[in-house]
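The values are calculated or read from the model by the stated rules, or taken from the named source; none is laboratory data. Source: prediction; values computed, not measured. Virtual Cβ from ideal backbone geometry, glycine too; neighbours counted across all protein chains shown.
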Amino acid sequence: MKRTVLTALALMIALSGIAMAQNPCDDAYIKAMQAKTAAEQAKLLKDFLDQCSGKGSQYENYAHGYLFLALIQTGKLDAQTLAEGEKAAALGGFDDGMKCQILTQLSALHAKDGQNLDKAKSFASQLIQVATAAKAKDAENAAWTRFIGAGHFLTGQALERAKDNAKAVESYVTAYGILKDPKILFEMKRIARAQYAAKDYADAEKTLRALVQANPKDTESQAHIPQCLYKQGKTAEALALWKDAFSKSKSADLAYNIGITLAKEGPAVANDAMRYLIDAALLSSKHQNAIGMATKIYLSANKDYNDLGKLQDDSKRLIDDWAKQINTKFGNKSEDELTSDERREYRKVKELIDKEQKTLDGLIAKQKAIVDGFEKIVAEEKAKLGR
């Protein structure tokens, strides 16, 4: 009996050895999947495919899929890697998680390559479909939601590369609503900046409004919307938004934009323009030139200031002429050396100078009072801003 058992055991071992010898491909695949690095795994999977492709291995499709992902991990993002991924996708037979990983990378590579953006969009669309179906079966797994969001983001990437910015923004908004990833907002802001730089102000406005809708706390985008409106000639709308924003947050740039815009609107709003420009200068040293602009607006609105300046010039000329007259006639003589007629002439001219000097002093005082009025306004604005 013991001999029979030993014979049977020997037979089992022999048969096992034959089975292993008949299935070296499975061993090669398992060895590849046990590799410690992506580079090692890629090499072993290539060896497996060189030896076992078309030989009926149950792992052939997964080998292509994992080889594709391993090559991406090593940073090999060339046409060969892309071809490997497409072959894996065509073979199929993967679980939903593997399928989503492959579709994600295929869409991203095609979008980056830019040669076949329709494929990039197609793979992104497939990703959304597969992940949505998987989520319906396994709602508690957050991975499916992330894949859905990634699909919309990748759609946006492909559309942006295809110069369809409007639809790209729609996809980014959807992706952000799912993922809440700030990097998505960055992509949208980049589009808005490019549109503004290209003077596509209406499109830039739409993109910025989409940004604000996606993230109402995005004050930076809110601040740029009125600039787009202003560039489109929609001055009233731009001013309304700027003023509303300034009432909520005292920004020097906002005050400056409002001030220079109002200044172009004419005398009717000159006082408001002046005050906003003063605020801009008070809020930031970057806008110190705004004080000069505000001063000019203030003085331009006060005709007396310029008239007083002209009268001062006249007085100064009279005083200078009389002073020259005295210096010419009496410059080398003391008053004791003058004759009685010369004294009378000297005193008469001196009286004229003194009288004109009083007139000049009065003109200067009036002009200073006007300047003091401006300083009073500056003080009022300081108080309002708590400066």
Margin query: List pairs: first residue in region 289-308 and in the same structural domain as G362 (by TED's automatic domain parsing) and within 13 Å of A273 (Cβ to Cβ), second residue of a type in the set (D, E) and surrounded by fewer than 16 Cβ atoms within 10 Å (Cβ to Cβ) anywhere in the structure, Cβ distance under 7 angstrom, at least six positions apart or on different chains.
Written below: none
Margin query: Quick check on region 72-114: of everything there that is basic (K, R) and part of a helix (DSSP H, G or I), which residue is surrounded by the most Cβ atoms within 10 Å (Cβ to Cβ)?
Written below: K99
Next item on the list: Could you check, for region 276-295, whether at least one of its residues is surrounded by 18 or more Cβ atoms within 10 Å (Cβ to Cβ), out of contact with any Cys (no Cβ under 9 Å at 6 or more places or on another chain), farther than 19 Å from F246 by Cβ and among the aromatic types (F, W, Y)?
Entry: no
Next item on the list: Answer yes or no as to whether K310 is under 60 Å from the mean Cα position of the chain (by Cα), exposed (fewer than 14 other Cβ atoms within 10 Å of the Cβ) and among the basic types (K, R).
Entry: yes
Next item on the list: Among the residues of region 1-31, count how many are outside any loop (DSSP other than H, G, I, E, B) and modelled with pLDDT of 50 or more.
Entry: 8
Next item on the list: Residues being over 24 Å from Q101 (Cβ atoms) and surrounded by fewer than 23 Cβ atoms within 10 Å (Cβ to Cβ): count how many of those fall in region 165-185.
Entry: 6
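Could you pull out the residue among K217, K250 that is at negative phi and either without any contact (Cβ under 8 Å) to a residue 60 or more places away in the chain or surrounded by 20 or more Cβ atoms within 10 Å (Cβ to Cβ) (or both)?
The unique qualifying residue is K217.
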Next item on the list: Within region 279-295, track down each residue that is of a type outside the set (S, T, N, Q) and under 20 Å from A223 (Cα atoms).
Entry: D279, A280, A281, L282, L283, K286, H287, A290
Check: When you scan region 248-271, how many residues do you find that are closer than 19 Å to G386 by Cα and not in a loop (DSSP other than H, G, I, E, B)?
Finding: 6
Next item on the list: Select from region 335-387 the residues that are among the β-branched types (V, I, T) and part of a helix (DSSP H, G or I) and list them in ascending order.
Entry: V349, I353, T359, I364, I370, V371, I377, V378
Check: Just wondering, is there one or more residues in region 155-164 that are surrounded by fewer than 19 Cβ atoms within 10 Å (Cβ to Cβ), of a type in the set (G, A, S) and either touching a Ser or Thr at 6+ places or on another chain (Cβ under 7 Å) or free of Cβ contacts under 8 Å to residues at least 24 places away in the same chain (or both)?
Finding: no
Notebook entry, point to check: What is the residue count in region 174-216 for residues that are more than 23 Å from R146 (Cα to Cα) and in a loop (DSSP other than H, G, I, E, B)?
Noted result: 3
Item checked: Within region 32-69, considering residues that are assigned to a loop (DSSP other than H, G, I, E, B) and free of Cβ contacts under 8 Å to residues at least 12 places away in the same chain, the one surrounded by the most Cβ atoms within 10 Å (Cβ to Cβ) -> A35
